[in-house]
Amino acid sequence: MLPIDEKLLTVKTFGPKTMLVREGEVPDELMLITRGCIRAWYNAGGQDITLQFFFEGEPVTAIESFLNQTPSAIYMETLEECEVRILKRADFVLLMATSADLKDWFYSTAIEKLLAHTHRLLFLLKNKPFDRYRQLLAEKPALLQRIPQHYIASYLGITPVSLSRIRNRSKNIS
């Protein structure tokens, strides 16, 4: 929960498959998801690679671009109908300079995200695809129910065909 005056937030609803940030854009909004799911991805030679999923209660923006006012290297899009509360960058900058509560919230959120990214990097580097799927199934079973399979495959660093084989193999082992 953002520790700020609700009057600074704008509530918006976006339909599924709405592009919120495009590669090359400089975002000026920090969003907090109240309903829905957002996917962060990048384009690798015409193939989209899923980096992360964001869900209810999570803040979302292309953070490096938002903070440094540089063009984004990633895309962010809604996967479901989403309702978000939006804080404009100008308000964020002012509050970071004046609100210890916001600074504390931002610091703890940034550390949490850094640890999650480190965990994900190790997850991808040290596990074989079958083990990645099994670990994702154990740690985040709701994600597998909520996210389309081709995005799950991209997130796991495999093809949709490989994911289908792994899922079938996993069912036979369970």
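The values are calculated or read from the model by the stated rules, or taken from the named source; none is laboratory data. Just so it is clear, the model here is predicted, and its values are computed rather than measured. Note that we place each Cβ from the backbone using ideal geometry, even for glycine, and neighbour counts take in every protein chain shown. The area values use the complete protein model at the heavy-atom level, side chains included, leaving out ligands, DNA and RNA. Shrake-Rupley method; radii C 1.70, N 1.55, O 1.52, S 1.80 Å.
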message: Out of Ser72, Ser65, I need the residue that is assigned to a helix (DSSP H, G or I), touching a residue at least 24 places away in the same chain (Cβ under 8 Å), open to solvent by less than 20 Å² (accessible area, probe 1.4 Å) and within 30 Å of Pro160 (Cβ to Cβ). Which one?
response: Ser65
query: Any idea how many residues of segment 94-138 are of a type in the set (D, E, K, R) and touching a strand residue (DSSP E or B) at 6+ places or on another chain (Cβ under 8 Å)?
result: 1
task: Go through the residues of segment 52-59 one by one and say whether even a single one is without any contact (Cβ under 8 Å) to a residue 40 or more places away in the chain and assigned to a strand (DSSP E or B).
output: yes
message: When you scan segment 90-100, do you find a residue that is open to solvent by 60 Å² or more (accessible area, probe 1.4 Å) and either closer than 27 Å to Leu136 by Cβ or touching a helix residue (DSSP H, G or I) at 6+ places or on another chain (Cβ under 6 Å) (or both), even just one?
response: no
message: For the structure I just gave you, tell me whether Gly24 is in contact (Cβ under 8 Å) with a residue 24 or more places away in the chain, on the phi > 0 side of the Ramachandran plot and within 15 Å of the chain's Cα centre (by Cα).
response: no
- request: Starting from segment 9-21, keep only residues that are in contact (Cβ under 8 Å) with a residue 12 or more places away in the chain and closer than 15 Å to Thr61 by Cα, then list their pairs with residues that are β-branched (Val, Ile, Thr) and in a loop (DSSP other than H, G, I, E, B) whose Cβ atoms are within a distance under 9 Å, requiring at least 6 positions of separation or different chains.
  value: Leu20/Thr61; Val21/Thr61; Val21/Ile74
query: Of all residues in segment 30-48, which are open to solvent by less than 40 Å² (accessible area, probe 1.4 Å) and part of a strand (DSSP E or B)?
result: Leu30, Met31, Leu32, Ile33, Ile38, Arg39, Ala40, Trp41
